[in-house]
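Heads up, the thing below is written out as structure tokens.
The values are calculated or read from the model by the stated rules, or taken from the named source; none is laboratory data. Predicted model, so just to flag it, every value in this text is computed and none were measured. Don't worry about glycine lacking a Cβ; one is built from the backbone with ideal geometry, like all the others, and counts go over all protein chains shown. For the accessible areas, the whole protein counts, side chains as well, though only heavy atoms, and no ligand, DNA or RNA atoms are used. Shrake-Rupley method; radii C 1.70, N 1.55, O 1.52, S 1.80 Å.
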Amino acid sequence: YVLANGYDSSDESAYVFQAHVFAKLRAFGDVAPCGSAFQSYWVFDWQGRRFAQYTPGWPLFLVPFVWLKMLPLAGPTALAIFAVGAARCARRLVPIRARRAAGVVAGASILLSATCLINGGSYFSHVWVGACFLWSMEALARMSEVDGWPARALWGAAAGLALVWMAATRPTDG
């Protein structure tokens with residue numbers, strides 16, 4: 001049971017720990033009385049508080065999956081959002097007659113990539129950062145195309161959200 005429900009790395013356990021803390025609407029966890037038994041490389045105890053070393057972007061994405069008790073679906077969901085973002089951005093780069101094919105090829109390339117599949121099946125943040133980047137580019141492009149204040153404001157907000165979320169997930173990438 002323990003091995004089947006464990007994580008393959010300390011990074012993943014830190015992300016999941018922080019997601020569970022955030023799911024309780026808290027910024028940090030309590031230090032366990034026998035904390036050394038649960039020691040992780042990337043979860044630290046300091047001044048009576050337990051917290052993960054990572055920035056909050058990816059754990060915040062995981063929170064709804066914690067609430068729904070469907071945490072294993074978080075990575076595949078991020079991968080799907082990444083693939084759709086790739087398809088939409090790819091369609092912008094080719095002539096009109098090839099747009100549908102470009103979208104299919106780009107989305108399929110993401111879904112068939114071994115690296116993307118491995119990361120999409122884990123609790124690592126890599127595919128989410130890629131999704132945030134692609135959706136920020138899509139939102140910026142849509143914002144420049146649409147007419148009218150409400151539509152531009154919505155696409156601008158989407159671009160801002162994606163950019164901020166990317167920076168909150170992996171600051172150097174953001």
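Restricting the first residue to the range 115-136 and requiring it to be in contact (Cβ under 8 Å) with a residue 40 or more places away in the chain and at positive phi, which pairs with a second residue that is open to solvent by 20 Å² or more (accessible area, probe 1.4 Å) and among the β-branched types (V, I, T) meet a Cβ separation below 7 Å and a spacing of at least six or different chains?
So the pair list comes out empty.
Starting from residues that are part of a loop (DSSP other than H, G, I, E, B) and among the aliphatic types (A, V, I, L, M), keep the ones in the range 18-44 and report whichever is nearest to W67 (Cα to Cα).
Once the filter is applied, the top-ranked residue is L25.
Can you name the condition, by its number, that Q18 falls short on among (1) open to solvent by 80 Å² or more (accessible area, probe 1.4 Å); (2) of a type in the set (S, T, N, Q); (3) modelled with pLDDT of 75 or more?
Among (1) open to solvent by 80 Å² or more (accessible area, probe 1.4 Å); (2) of a type in the set (S, T, N, Q); (3) modelled with pLDDT of 75 or more, Q18 violates only (1).
Part of a loop (DSSP other than H, G, I, E, B), free of Cβ contacts under 8 Å to residues at least 40 places away in the same chain and of a type outside the set (S, T, Y): does that describe L93?
So L93 passes the test.
From the list I118, I110, pick out the single residue that is surrounded by 21 or more Cβ atoms within 10 Å (Cβ to Cβ), aliphatic (A, V, I, L, M) and over 16 Å from G57 (Cβ atoms).
I110
Which residues, counting only those in the range 129-150, are in a helix (DSSP H, G or I), open to solvent by 60 Å² or more (accessible area, probe 1.4 Å) and among the charged types (D, E, K, R)?
Within the range 129-150, R142, E145 meet the criteria.
Would you confirm whether or not the range 115-124 contains a residue that is under 29 Å from F22 (Cα atoms), over 15 Å from the mean Cα position of the chain (by Cα) and either outside any helix (DSSP H, G or I) or hydrophobic (A, V, I, L, M, F, W, C) (or both)?
No, there is no match, as no residue in the range 115-124 is under 29 Å from F22 (Cα atoms), over 15 Å from the mean Cα position of the chain (by Cα) and either outside any helix (DSSP H, G or I) or hydrophobic (A, V, I, L, M, F, W, C) (or both).
Given the criteria under 23 Å from A74 (Cβ atoms) and surrounded by fewer than 21 Cβ atoms within 10 Å (Cβ to Cβ), does L163 qualify?
yes
Please work out which residue is surrounded by the fewest Cβ atoms within 10 Å (Cβ to Cβ), limiting yourself to the range 52-105 and to residues that are more than 16 Å from the chain's Cα centre (by Cα) and among the β-branched types (V, I, T).
Once the filter is applied, the top-ranked residue is I96.
Being open to solvent by 30 Å² or more (accessible area, probe 1.4 Å) and not polar (S, T, N, Q) is the filter here; which residues of the range 34-51 pass it?
Within the range 34-51, the subset open to solvent by 30 Å² or more (accessible area, probe 1.4 Å) is 34, 36-39, 41-42, 44-49, 51.
Scanning the range 34-51 gives C34, A37, F38, Y41, W42, F44, D45, W46, G48, R49, F51.
Would you say R170 is of a type in the set (K, R), open to solvent by 70 Å² or more (accessible area, probe 1.4 Å) and more than 12 Å from the chain's Cα centre (by Cα)?
Against the criterion (of a type in the set (K, R), open to solvent by 70 Å² or more (accessible area, probe 1.4 Å) and more than 12 Å from the chain's Cα centre (by Cα)), R170 does not qualify.
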